1. Which residues, taken from segment 248-286, are crowded, with 22+ Cβ neighbours inside 10 Å and of a type in the set (Gly, Ala, Ser)?
2. Determine which single condition Ser269 fails, assuming it passes every other condition in (1) under 16 Å from Val207 (Cβ atoms); (2) of a type in the set (Ser, Thr, Tyr); (3) in contact with a Pro (Cβ under 8 Å, 6 or more places away or on another chain).
3. Quick one: which residue in His166, His98 is within 22 Å of Asn209 (Cα to Cα), in the same structural domain as Glu67 (by TED's automatic domain parsing) and in a helix (DSSP H, G or I)?
4. Is segment 78-94 home to any residue that is surrounded by fewer than 17 Cβ atoms within 10 Å (Cβ to Cβ) and without any contact (Cβ under 8 Å) to a residue 40 or more places away in the chain?
5. Can you list residue pairs whose Cβ atoms sit under 6 Å apart, with the first residue in segment 253-271 being touching a residue at least 60 places away in the same chain (Cβ under 8 Å) and within 15 Å of Asp79 (Cα to Cα) and the second being assigned to a helix (DSSP H, G or I) and among the small types (Gly, Ala, Ser)? Count only pairs 6 or more apart in sequence or on different chains.
6. Has segment 76-92 got any residue that is modelled with pLDDT under 95 and polar (S, T, N, Q)?
7. Looking only at segment 107-124, how many residues end up being touching a residue at least 60 places away in the same chain (Cβ under 8 Å) and either assigned to a loop (DSSP other than H, G, I, E, B) or in contact with an Asp or Glu (Cβ under 7 Å, 6 or more places away or on another chain) (or both)?
8. In contact (Cβ under 8 Å) with a residue 40 or more places away in the chain, in contact with a Leu (Cβ under 9 Å, 6 or more places away or on another chain) and over 22 Å from Ser103 (Cα atoms): does that describe Val314?
Amino acid sequence: MELDSFLSRRRLIAAALLAAAGGARAQGTQAPVRILVVAPAGGTTDTMARALATELGRALGRVVVVENRPGAGGNIAADLVAKAPPDGNTLLMSFTSHAINASLYPSLPFDPEKDFTPLTMVSTTPALLVAHPSLPANSLRELVALAKAKPGKLNFAIGALGSSVHLAGEAFKMMSGTYIVNIPYKGTAPAIQDVLAGQVELMFANVGNAQAHVRAGKLKALGVTSPRRLAAFPDVPAIAEVLPGYQSSAWFGLFAPARTPPELVRRLSDAARQAIASPDVKRRIETEGATPVGNAPEEFARFVHEEIGRWAKVVKYSGAKPE
C-alpha cells in the first residue's frame, strides 16, 4: 500500500511538472504585444512608447515591443492598427496629430474615432513660444503690438505642417488678430537651429525641445501654451493671460483597434495606467518636459472627441494642407 501511495504521489508530481512546463512553453511562444508608433525613433512619441513598454509588459505578463511606423502624418501606423484584429496584440501610440488629421486630411482610410478604442492618455506637454534674443519684443503684449505694426514681417519656424506646434501658432494668430508668416521645416531640429541662428524670429516648440536653449539664454520664452504657468518656468506667462481661452498642449495616448472586448480594454488600460504611475516611467516622462496622465478609457475617449472638434476650427482658419 505504501509503495502504491508513493508511486501515485510521484505520478501526480510528474503530471504537475509537465503541465507547468507546457504552460511555460505556451507563454514563451506567445506573440508579443506590438506598440506601433506614428513617429520615427528618437522623438518624443517614440520615447513615450519605449518608456511605457517594459513596465506595461510586466503588468500584462507579456513581451511588449515597439515598432516605429512613421509617415503620412502618423496615418500609416494608425491605418495598420485600425485594420488589426481586436485581440490586444496590436496597439497604437499616437499624439495630437490623431485628432488634427481628422480635419487636416480630406480623406483617410480609417475613422480616427470609430476605428479605435482609446485606452489611456500617457502624458501631455505644453509648448513654449520662443524667440531669438534679438527680437525687439520681450513680452506677449509687445509681440502682439509688433506683429500688428509689421504685418507679414515676422516669421514662425514650423517643425512640421499640421503638427500641434504648427496649429498652436495658427491659434495664436487667430486669437490675436496678427499676421505672422510660416516657414516650414522638415522636423523640429532644423527649425530650432534657424531660430537659434536668428534666421527666423519665432517658434512654438515643445518644452522638452526648447527648455535647455531657454535656460542657456540662447532663446527667450515669451509664453507657454498651457492654461497656467509652469512650475519649471514661473516667470513665463501663460498665453491665456493675454489671450483669454488660449490653450494648446500636445498629448500622447495609447489606442487599441475598435471592437476590442470591454474586459480586454479594461485589462490593457489598467496595465498601462499602472505602468505610467511607476516611478521609472514617471521620471522618464517628466524628463521630456511632460506630465504623466493615465486616465480612464472613457475619459480619454471624451477628450479625443472634443479635440477633433477643437482642432477642426483651427485647421479651417489656417487653411493648412498635409505635406
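The values are calculated or read from the model by the stated rules, or taken from the named source; none is laboratory data. These figures come from a predicted structure and were not determined experimentally. Methodologically, a virtual Cβ is constructed for each residue, glycine included, from the backbone with ideal geometry; neighbour enumeration extends over all protein chains shown.
1. Of everything in segment 248-286, those that are crowded, with 22+ Cβ neighbours inside 10 Å and of a type in the set (Gly, Ala, Ser) turn out to be Ser248, Ala250, Gly253, Ala256, Ser269, Ala271, Ala272, Ala275.
2. (1)
3. It is His98.
4. Within segment 78-94, not a single residue is surrounded by fewer than 17 Cβ atoms within 10 Å (Cβ to Cβ) and without any contact (Cβ under 8 Å) to a residue 40 or more places away in the chain.
5. As it stands, the answer is Leu254/Ala272, since those pairs meet every condition given.
6. no
7. 4
8. For Val314, the condition - in contact (Cβ under 8 Å) with a residue 40 or more places away in the chain, in contact with a Leu (Cβ under 9 Å, 6 or more places away or on another chain) and over 22 Å from Ser103 (Cα atoms) - is not met.
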